[in-house]
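Undergrad: Following this message is one structure expressed as structure tokens.
Every number here is computed from the coordinates shown, using simple stated rules; none is lab data. Small disclaimer: the values here were computed from a predicted structure and weren't measured. Don't worry about glycine lacking a Cβ; one is built from the backbone with ideal geometry, like all the others, and counts go over all protein chains shown.
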Amino acid sequence: MPAAPLPSNEAQRLAALIQCGVLDTEAEPAFDDLTKLAARLCGTPIALVSLLDASRQWFKSRVGLDACQTPREQAFCGYAILKDEPLIITDAAQDERTCDNPLVTSEPGIRFYAGIPLLLSTGEALGTLCVIDLAPRQITVRQIEDLKALALQAAGQLELRIKLRQIEDANRALKEANQAKSAFLANMSHEIRTPMTAILGFTDVLVESTTATNGNDGQEPQAALQTIKRNGQHLLTLINDILDISKIESGSLSIEQIATDSRKLLRDIQDLLCEKANAKQLALTIDVSDNVPSSLMTDPTRLQQIVTNLVSNAIKFTDEGSITISADYDKPTCRLTVRVKDTGIGMTTDQLQRIRKFEAFQQADVSTTRKFGGTGLGLRISKQLAELLGGDLTVESKEGAGSTFALTIRAEACVDDCPAKSPAPRTKPSDNNCSPVAPDDAPLKGCTILLAEDGPDNQRLFRFLLTKAGAEVCIAEDGQQAVDQVNENCDKAVDLILMDVQMPNLDGVEATKCLRNHGIQTPIVALTAHALEGERQKCLAAGFDDFLSKPVERAALIATCIKWARQTAASQ
């Protein structure tokens, strides 16, 4: 028998067939119902949904036939896919294309064939919906139209499979891209935070020494150092914002539910930003309604982050007048509303519409000569955090008459005896209550600390700060050196180990696991420039006792060391 010629678009046709992902899959009602109906409508013993790949015709659905596939050279549908119209063979034994076909000359002994191409919207024919009889016969126009309708449904099912595969591939690619982006941002955060530790730390040292040495004569150096510190902290805030955006977009940012004193939280924000407001001679006031419960269940860190951002923006865009933080609570809906109202420059209608989109890197003024800086990330983060807290963030503004941002979150009231918790500042991940340490204090006198840190600049900084606080400091340049020093100097007790997490040869996590496996119970505090959520839990699970995120403020460092050194002393 002559083999059917290949379609002109054979490569594209085979690619589309593979994209369907249906070859060699289990039976499905979506196709089986069509073949049963086709056989019933045409009164034939056999009906098939036949798909033609490079070497065979495979039956996705079959009625009245045991075989699940046949060689492609025997496939009637090899001819059917060459044209868009139905292929009708009334007597296969008399048709020159099929008269010596083994399926005609032997079992099952095909005589009648009517096949409708399964055409995709892109033009590829993947196979046929066909009916077969073992005796010559005719088919009516109505039966052909019925078969066309059924074939259209079968083709639609195949096209749906392609669309679903494309969506799955796109989602997989998006997930991989988000993972790659998150990994990149995490690495960049680490690489930025590591030098920022030395920059901000030594800036504080110079500020302190300049004040002590020069008194009032040191005002100019002081101003320069404060500028370095201020801009360094700005860079740190920026990387925090970028990480937050990444975590939100990847769905990896978790929201806590903690009993929170919302009144104290707002007062803390006022205390934090009052100096900035005073510098511009702006009044920063709080007005909390009596119906706001004393304790609410929410995420205090994220709530503080949103309100702090809104108040900071209000101060930035207000040259005279005031900023008011007001709060109200709707008991039936458990909704806390915090409004930040300013008397600043306000926004035009166009600017307001732009801001209401809350898009990343978007600001009201997009001109190159804009007066105010910023990335526009803060509002985008605030909007998404508000939604994660079960609420929303909206804005009203009028040019020259100020703006009002309204934050609404869902926060159930706690019972009266429920303790409230205020959030820790974002730059101080340690749980310690850190109070400033006076320059001449030596709270760590008599304490021996092993510092495992591979960065020479950070080694010098931490050694300086700890030594000034009275501690004796030993240095290990990687995790392996830390393990060796502890094991080799058993006779010289170490009160505390400060362990950088990312180091060459043996990282801090593996070094800590090794020490714990050797029975070392000395407190170990993780020092890490990684700031992604879950890093603290990862460190604690590895055997660390505490966690400090770089850049580490001196107060947090000394307070943490005091805490664990005292525990060591108490256990001896």
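Undergrad: Rounded, prolate or oblate: which fits segment 10-168 when a ≥ b ≥ c are the square roots of the eigenvalues of the alpha-carbon gyration tensor, with rounded for a/c under 1.5 and prolate only if a/b beats b/c?
TA: prolate
Undergrad: So how much slack lies between Q226 and S322, counting 0.36 nm per residue of separation and subtracting their Cα-Cα distance, in nm?
TA: Once the chain is fully extended between Q226 and S322, it gains 31.9 nm.
Undergrad: Given H placed on each backbone N at 1.01 Å, which residues far from L118 in sequence or on other chains put an amide H within less than 5 Å of it?
TA: The answer is L126, G127, T128, L129.
Undergrad: Got the relative contact order for segment 258-410 handy, in percent, Cα pairs under 8 Å and 6 or more residues apart?
TA: On the way: 287 pairs, mean separation 35.4, N = 153.
Contact order relative to length: 23 percent.
Undergrad: From the helices alone, meaning DSSP H stretches of at least four residues, give me the mean residue ellipticity at 222 nm for the chain, per-run term -39500 (n - 2.57), in deg cm²/dmol to the nearest 500.
TA: One gets -14500 deg cm²/dmol as the mean residue ellipticity at 222 nm.
Undergrad: Any idea which of A38, A452, G391 is furthest toward the positive side of the dipole for the chain, if Lys and Arg beta-carbons carry +1 and Asp and Glu beta-carbons -1?
TA: Towards the positive end, the residue furthest out is G391.
Undergrad: Contact order normalised by length for the chain, with contacts defined as Cα pairs under 8 Å and 6 or more residues apart; what percent is it?
TA: Contact order relative to length: 10 percent.
Undergrad: Further question: To the nearest 20 debye, what charge dipole does the chain have about its Cα centre, counting +1 at the Cβ of each Lys and Arg and -1 at the Cβ of each Asp and Glu?
TA: Values: 59 positive and 76 negative charges, 182 e Å.
In debye, rounded to 20, the chain gives about 880.
Undergrad: Starting from the Kirkwood radius over alpha-carbon pairs of segment 1-40, derive D by Stokes-Einstein at 10 °C in a medium of 1.306 mPa s and give it in µm² s⁻¹.
TA: Taking Rh from Cα pairs, D becomes 124 µm²/s.
Undergrad: Now a separate question. What whole-number distance in Å separates the alpha-carbon centres of segment 1-57 and segment 471-533?
TA: Result: 65 Å between the Cα centres.
Undergrad: So what are the ³J(HN,Hα) numbers for segment 333-341, from phi and the Karplus equation (6.51, -1.76, 1.60; θ = phi - 60°), rounded to whole Hz, Gly and Pro as x?
TA: So the J values, rounded to whole Hz, are 9, 6, 10, 9, 10, 10, 10, 10, 10.
Undergrad: How high is the FRET efficiency between V205 and R172 when r is their beta carbon distance and R₀ equals 35 Å, given to the nearest 0.05?
TA: Values: r = 50 Å, r/R0 = 1.42.
Approximately 0.10, to the nearest 0.05.
Undergrad: Additional query: Counting other C-beta atoms within 10 Å, and keeping those with at most 13, which DSSP coil GluC sites (Glu not before Pro) do you find in segment 53-135?
TA: On the way: sites: E73, E96, E124; in loops: E96, E124.
Counting only loop positions with at most 13 other Cβ atoms within 10 Å, the GluC sites (Glu not before Pro) in segment 53-135 are E96.
Undergrad: With axes computed from alpha carbons, what is the tilt in degrees of helix 554-571 against the longest principal axis of the chain, rounded to the nearest 10 within 0 to 90?
TA: Value to nearest ten degrees: 90.
Undergrad: Show me, for segment 51-66, the HN-Hα J-couplings you get by feeding each phi into the Karplus relation (A = 6.51, B = -1.76, C = 1.60, θ = phi - 60°), rounded to Hz, glycine and proline as x.
TA: Residue by residue, segment 51-66 yields 10, 10, 9, 5, 10, 8, 10, 10, 9, 5, 9, 8, 10, x, 9, 7 Hz.
Undergrad: Same structure, new question: Indicate the gyration tensor shape class of segment 448-571 (rounded, prolate or oblate), computed on the Cα atoms with a ≥ b ≥ c the square roots of the eigenvalues: a/c under 1.5 is rounded; otherwise a/b larger than b/c is prolate and the rest oblate.
TA: Because its axes are fairly even, with a/c under 1.5, segment 448-571 counts as rounded.
Undergrad: Among the lysines, select those whose C-alpha is under 24 Å from the C-alpha of K60, and discard any that sit fewer than 8 residues away in the same chain.
TA: Within reach: K36, K83, K148, K163.
Undergrad: Take the chain, mark every one of the chymotrypsin sites (Phe, Trp or Tyr not before Pro) that falls in a DSSP loop and has at most 14 other Cβ within 10 Å, then report the longest stretch left between them, sites excluded. Show your work: numbers first, answer last.
TA: On the way: sites that count: F361, F372.
Free of exposed loop sites, the longest segment is 1-360.
Undergrad: Take Q179 and K264, extend 7 Å from each Cα along the Cα→Cβ direction, and tell me the distance between the two endpoints in nm.
TA: Here the answer is 4.2 nm between the modelled labels.
Undergrad: I'd like the orientation of helix 456-468 relative to the chain: the angle between its Cα long axis and the longest Cα principal axis, in ° from 0 to 90, rounded to 10.
TA: Taking Cα atoms only, the helix is inclined about 40 degrees.
Undergrad: Also, I was wondering about something else. Please compute the contact order of segment 295-341 in relative form: average sequence separation of alpha-carbon pairs under 8 Å and at least six residues apart, divided by the residue count, as a percent. Could you put the intermediate results ahead of the total?
TA: Values: 33 pairs, mean separation 15.0, N = 47.
Relative contact order for segment 295-341 comes out at 32 percent.
Undergrad: For helix 219-250, report the angle its Cα long axis makes with the longest principal axis of the Cα atoms of the chain; keep it between 0 and 90° and round to the nearest 10°.
TA: Approximately 30 degrees, to the nearest 10.
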